[in-house]
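Quick notes on the structure that follows.
The values are calculated or read from the model by the stated rules, or taken from the named source; none is laboratory data. Since the structure is predicted, the reported quantities are computational estimates derived from the model, not experimental observations. Note that we place each Cβ from the backbone using ideal geometry, even for glycine, and neighbour counts take in every protein chain shown.
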Amino acid sequence: MGGRLFGTNGVRGVINKDMNVQLAMDLGKAIGTFMGGRVAIGNDSRTSAAMIKSAVSSGLMCAGAQVLDLGLVPTPVVQHYVKNNGLAGGIMITASHNPPEFNGIKCIDSDGTEMPRSKEEEIERLYFTRTFRSMPWNAVGQMRQASGAVHDYLDSVKRLVDADAIRGAGLTVVLDCANGAGVVSTPLLLDDLNVRAITINCNPQGTFPGHPSEPVESHLRDLIAMVKDTGADMGIAHDGDADRTIFVDDKGRYLYGDKSLAITAEAMVRENGGGTVVTPVSSSMAVEDVVRRAGGDIIYTRVGSPVVARKMIEVKALFGGEENGGLIFPKHQYCRDGAMTVAKMLEIVTRNGPLSKLVDNIPTYSQDKRKLVCSEECKERVLAALVEHYRSQRVDTTDGVKICYDDGWTLVRPSGTEPLFRIYSEAKTSEDAKKRSEECEKVLVDLLAR
Ligand code: MG
């Protein structure tokens with residue numbers, strides 16, 4: 001009895017359409033049956049948070065799990081709590097950067113990592129076969145509020161940076177939490193690090209009145225303007241569940257996530273006199289350039305933070321992350337870590353700033369992105385033929401087909417949800433990036449016609 005429920009970031013849907021209380025409760029029963037024991041649950045600021053969390057919690061208790069409610073918290077706070085309190089697992093009620101009408105249910109493994117696909121499949125099997133545990137009256141789970149999770153998380157973040165140096169630097173930042181879960185943690189972190197914080201959208205509000213919760217440049221106009229107006233040392237933006245962090249530099253320039261990934265990666269490798277950095281094949285070559293010049297190694301993975309985190313555990317990596325602002329610090333935890341990313345960037349700027357200087361020191365590449373329609377049945381055949389076509393060049397098949405050049409690459413990935421290929425190219429100039437994409441697109445069209 002099959003069926004897929006979990007996407008790349010948990011189960012997500014529009015409230016009272018594909019995400020409803022019946023689904024949430026049944027999924028809670030399945031998760032409770034699978035995890036057993038004590039389970040932490042947290043939520044972001046969405047209007048449906050209480051509704052979905054209550055339904056999931058009922059299901060968990062029906063299956064005999066003990067529920068510890070952390071309330072409104074960032075996803076990495078739940079992950080930290082699960083790992084450090086010996087829990088069976090955790091659940092985060094969030095749809096991260098999706099619009100406010102969405103919500104989602106995301107499972108966290110007992111070690112605090114995002115749940116691997118194999119375990120999600122087991123939960124899906126329980127869900128679709130409806131083989132839930134249903135406990136007798138004297139063995140159903142209980143629910144209690146758990147306090148202190150945010151403070152424990154922030155304390156451990158502060159222990160991993162030179163907090164005294166940051167406190168002495170007299171930094172000013174503008175913080176934009178997108179009215180999401182970051183409002184309960186990052187303002188406290190900044191206060192404790194003696195950083196002057198000018199806040200916008202730092203009240204929890206599930207309609208996201210400030211701007212949509214994806215921290216892309218077009219949503220952060222107010223933040224960018226305020227950094228310029230106030231002469232702040234940086235702007236900081238989180239997504240809705242504050243596992244990701246995006247920065248604006250002291251000149252008011254929006255930094256794509258590959259910039260902060262590269263700046264942090266280089267600093268980490270230099271501090272540690274070497275080390276391995278893990279990132280997906282889609283990351284900018286700038287990351288590899290700076291890791292190598294600092295004396296470190298780079299390992300590429302398939303796209304997706306759980307894959308990056310698992311590879312980091314396997315190779316004992318120093319640092320890793322994705323270019324969407326999701327950075328992973330193994331000394332803290334193996335997951336995207338919004339506040340840890342803030343603290344580390346404050347430390348880097350304290351030691352080597354200003355941020356604009358660090359940005360200008362990162363090699364620049366241009367990217368070209370496009371799509372090409374291809375039926376599901378043809379995808380595999382065309383990708384195999386593509387590898388054959390480029391056999392005289394260095395080709396990486398970690399995720400799709402990546403054709404490597406000395407100064408960039410072209411990556412062709414089949415979409416997991418739509419009948420199309422995504423074509424990404426990177427080069428030193430935008431003309432070259434476009435040329436690379438066009439050439440590859442032509443090859444794909446020819447291969448499709450065969
Ligand atoms: Mg997120």
What number of residues within region 244-270 satisfy the criterion of being within 16 Å of the ligand (Cβ to nearest atom) and acidic (Asp, Glu)?
0
Any idea which of Arg221, Arg253, Arg270, Arg244 is in contact with a His (Cβ under 7 Å, 6 or more places away or on another chain) and of a type in the set (Lys, Arg)?
Arg244
Of everything in region 156-183 that's among the acidic types (Asp, Glu) and touching a helix residue (DSSP H, G or I) at 6+ places or on another chain (Cβ under 9 Å), which residue is surrounded by the fewest Cβ atoms within 10 Å (Cβ to Cβ)?
Asp162
When region 84-114 is checked residue by residue, the ones that are of a type in the set (A, V, I, L, M) and surrounded by 24 or more Cβ atoms within 10 Å (Cβ to Cβ) are Ile91, Met92, Ile93, Ala95, Ile105, Ile108
Which one is surrounded by the most Cβ atoms within 10 Å (Cβ to Cβ), of the residues in region 115-141 that are farther than 17 Å from Val11 by Cβ and in contact with a Gly (Cβ under 7 Å, 6 or more places away or on another chain)?
Gly141
Here are some conditions: (1) assigned to a loop (DSSP other than H, G, I, E, B); (2) closer than 22 Å to Asn352 by Cα; (3) away from the ligand (no atom under 16 Å from the Cβ). Gly325 meets all but one. Which one does it not meet?
(3)
When you scan region 277-284, do you find a residue that is of a type in the set (Val, Ile, Thr), within 16 Å of the ligand (Cβ to nearest atom) and at pLDDT 95 or above, even just one?
no
Is it the case that region 94-105 has a residue that's away from the ligand (no atom under 16 Å from the Cβ), touching a Ser or Thr at 6+ places or on another chain (Cβ under 8 Å) and small (Gly, Ala, Ser)?
no
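Report yes if Val21 is without any contact (Cβ under 8 Å) to a residue 60 or more places away in the chain and buried (at least 24 other Cβ atoms within 10 Å of the Cβ), otherwise no.
The answer is no for Val21.
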Could you check Asp241 against (1) surrounded by fewer than 23 Cβ atoms within 10 Å (Cβ to Cβ); (2) within 16 Å of the ligand (Cβ to nearest atom) and say which number it fails?
(1)
Condition check for Gly273: small (Gly, Ala, Ser) and either more than 16 Å from the ligand (Cβ to nearest atom) or more than 23 Å from Asp407 (Cα to Cα) (or both):
yes
Filter pass, Leu27 being in a loop (DSSP other than H, G, I, E, B) and farther than 15 Å from Ser147 by Cα
no
Can you confirm whether Ser118 is more than 16 Å from the ligand (Cβ to nearest atom) and either under 27 Å from Leu327 (Cα atoms) or under 22 Å from the mean Cα position of the chain (by Cα) (or both)?
yes
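Only residues that are buried (at least 21 other Cβ atoms within 10 Å of the Cβ), over 26 Å from Gly180 (Cα atoms) and not small (Gly, Ala, Ser): list them for region 39-66, please.
Of the residues in region 39-66, the ones buried (at least 21 other Cβ atoms within 10 Å of the Cβ) are 39-46, 48, 52-53, 55-57, 59-60, 63, 65.
Going one step further and asking which of them are over 26 Å from Gly180 (Cα atoms), we end up with 63, 65.
Once the filter is applied, which keeps residues that are buried (at least 21 other Cβ atoms within 10 Å of the Cβ), over 26 Å from Gly180 (Cα atoms) and not small (Gly, Ala, Ser), region 39-66 yields nothing.
Just to be sure, is Ile52 under 17 Å from Gly32 (Cα atoms), within 16 Å of the ligand (Cβ to nearest atom) and not assigned by TED's automatic domain parsing to the domain that holds His332?
no
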Among the residues of region 345-359, is any within 16 Å of the ligand (Cβ to nearest atom) and of a type in the set (Ser, Thr, Tyr)?
no
Considering only region 298-306, I want to know if a residue exists there that is assigned to a helix (DSSP H, G or I) and in contact with a Cys (Cβ under 9 Å, 6 or more places away or on another chain).
yes
Would you say Leu358 is surrounded by 21 or more Cβ atoms within 10 Å (Cβ to Cβ), within 24 Å of Ala267 (Cβ to Cβ) and either of a type in the set (A, V, I, L, M) or not assigned by TED's automatic domain parsing to the domain that holds Lys259 (or both)?
yes
May I ask you to list the residues in region 1-15 that are more than 17 Å from Asn43 (Cβ to Cβ) and assigned to a loop (DSSP other than H, G, I, E, B)?
Met1, Gly2, Gly3, Arg4, Leu5, Phe6
